[in-house]
Amino acid sequence: MTKGQKAVTEKYFILPLVLVFVLSIFATIFVLGTHPFRTQPTVFDEEWNGQSHHRLLQNYSSGASKNKLNVTTGAYYYPWHGEDFHNGEGFLRAVLKPRQGPELGEYDDTKKKTIKWHLEFSDMANLDLWVTSWWGPEQITDTTTRDTIMKQVEKEGHPLKIALLYESTNRLRVNREWVLDEDRIKADMKYLTKEYFDHFDNYLRIDGKPVMFIYLTRVLQREGGDHEAGQTLLQKTIALMRKEAKQEIFIVGDHAFDSYPEDVMSSTAALHNSSLQILDGITNYDIYGWMIGQRSSSYPGVDRLNRYYFWHQARWKQIAAEHNCVYIPSVMPGFNDRGVRDSGKVPLSRRLTPTSREGSFFEASLKRALQLVDEKADNLLVVTSFNEWHEDTMIEPVRTQDQTTQPESMTDGLAYSGYGTLYLDLLRNYTRDFEEDPMRWSKMMSDYEFE
């Protein structure tokens, strides 16, 4: 080979490498430049237009939910993020090393740009419903739902439904004591009827009635006097709510947490029954509390998961049906509140077992929960949660990062992944492929006999 031939060969060998290198630099600048991984609680500023997020939509059509079969999918949505995300409070992913923040950064969901992206994410996941946390009139959860979410849904003609989660720890307590504050309840129901039930076409209805979820009805049940005389705090509260709504409303209680007693003639069973008679539906928000309880293991495992859905929750569905009350199953991806509370709680891993993959607990839960949907509740399934970052129960996209266990004081040694859109993908795939099996209940009963 002559020197000239050698030079030509080197030229044609080196040029492609240089071209690849230059293109990779431009690609990096484009991605990081349009969406820097922010450490400050501010997003959607005037200089940033969020274009990098369009990569998330490449594999989805805008009409994703049209492919979904016979199941209605909802998620608890927290509209409490402002300019300082949520009062500047911490969350687990913010202190992981490396940090794993929201795909949108620490956003402000009073901004319509945030809601537009959350609607896109909901389409990607086949979500039909947001159950939005409600802490009272003119609180940020109220104004964001009323003035931003509902208006954006109406503007886009989006099919998303909205229901409210009535936050009882705020609305039904005074100085940390559970009370029947009649004036507050009357004012709340008048306000909710005017601003939500009678105002918003996309407000969720079952049997033609506006639906309201109430947090911790199981706690309200224990307060008060003689349940046979309708004197528990729950009974008195629900009766007053129905009266002041001036219409029939469909109330879903956060109720299916404690085990229904084996002795159906016991006073505890009678107390539960009295609550089921005044509620229209029941569900369980706190899957963590049942999965972990007093256990020291963070991994739920197959046996405990089966017992939860096919014995504990199936039992609640059966008892609810006997009292003309619908049942709504729920799923949760995991739980870790160490970023906001020094509670010492054992986290709930997002992996079913130590050797399982990221998202395996959520996936296994979906498979089981879908067998419990109730046709009288439009086969509704609810996810805890879309964006509760404090307790790390969110399925909202997280910026992609390698998994980490650091710092162990926060993770308890569990591996956390910057999972991207994994949970949206799982929810979409399982709800898309769900087909109602008319024999599912009898099959389940034969495998898990109630004692």
* Structure fact -> the stretch 172-278: helices (runs of 4 or more DSSP H) wholly inside it with 1 or more residues that are under 19 Å from Leu129 (Cβ atoms) and either at pLDDT below 95 or within 24 Å of the chain's Cα centre (by Cα) (or both) are 182-192
* Return the only residue of Asp374, Asp337, Asp392, Asp378 being more than 30 Å from Asn70 (Cα to Cα) and surrounded by 16 or more Cβ atoms within 10 Å (Cβ to Cβ). => Asp337
* Structure fact -> Scanning the stretch 70-85 for residues that are in contact with a helix residue (DSSP H, G or I) (Cβ under 7 Å, 6 or more places away or on another chain) and either farther than 30 Å from Leu370 by Cβ or not aromatic (Phe, Trp, Tyr) (or both), the one surrounded by the fewest Cβ atoms within 10 Å (Cβ to Cβ) turns out to be Gly82
* Structure fact -> The lone condition Ser65 fails out of (1) within 18 Å of Arg428 (Cα to Cα); (2) at pLDDT 50 or above; (3) under 18 Å from the mean Cα position of the chain (by Cα); (4) not aromatic (Phe, Trp, Tyr) is (2)
* To do: With the condition kept exactly as written, say whether any residue in the stretch 136-149 is closer than 29 Å to Arg399 by Cβ, outside any helix (DSSP H, G or I), among the hydrophobic types (A, V, I, L, M, F, W, C) and within 21 Å of the chain's Cα centre (by Cα).
  => no
* **Meets criteria (within 30 Å of Asn273 (Cα to Cα) and acidic (Asp, Glu)) for Glu358** => no
* To do: Given the conditions (1) within 18 Å of Tyr215 (Cα to Cα); (2) at pLDDT 95 or above; (3) out of contact with any strand residue (DSSP E or B) (no Cβ under 9 Å at 6 or more places or on another chain), report the number of the one that Trp290 does not fulfil.
  => (2)
* To do: Return only the number of the condition from (1) crowded, with 20+ Cβ neighbours inside 10 Å; (2) more than 25 Å from Pro397 (Cα to Cα) that Phe121 does not satisfy.
  => (2)
* Structure fact -> If you go through Gly224, Gly293, Gly281, the only one that is surrounded by 16 or more Cβ atoms within 10 Å (Cβ to Cβ) and without any contact (Cβ under 8 Å) to a residue 40 or more places away in the chain is Gly224
* Which number in (1) under 27 Å from Gln403 (Cβ atoms); (2) surrounded by 20 or more Cβ atoms within 10 Å (Cβ to Cβ) marks the one condition that Ala320 misses? -> (1)
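The values are calculated or read from the model by the stated rules, or taken from the named source; none is laboratory data. Please read all numbers here as calculations on a predicted model, not as lab measurements. Note: ideal-geometry Cβ built from the backbone for every residue, glycine included; neighbour counts use all protein chains shown.
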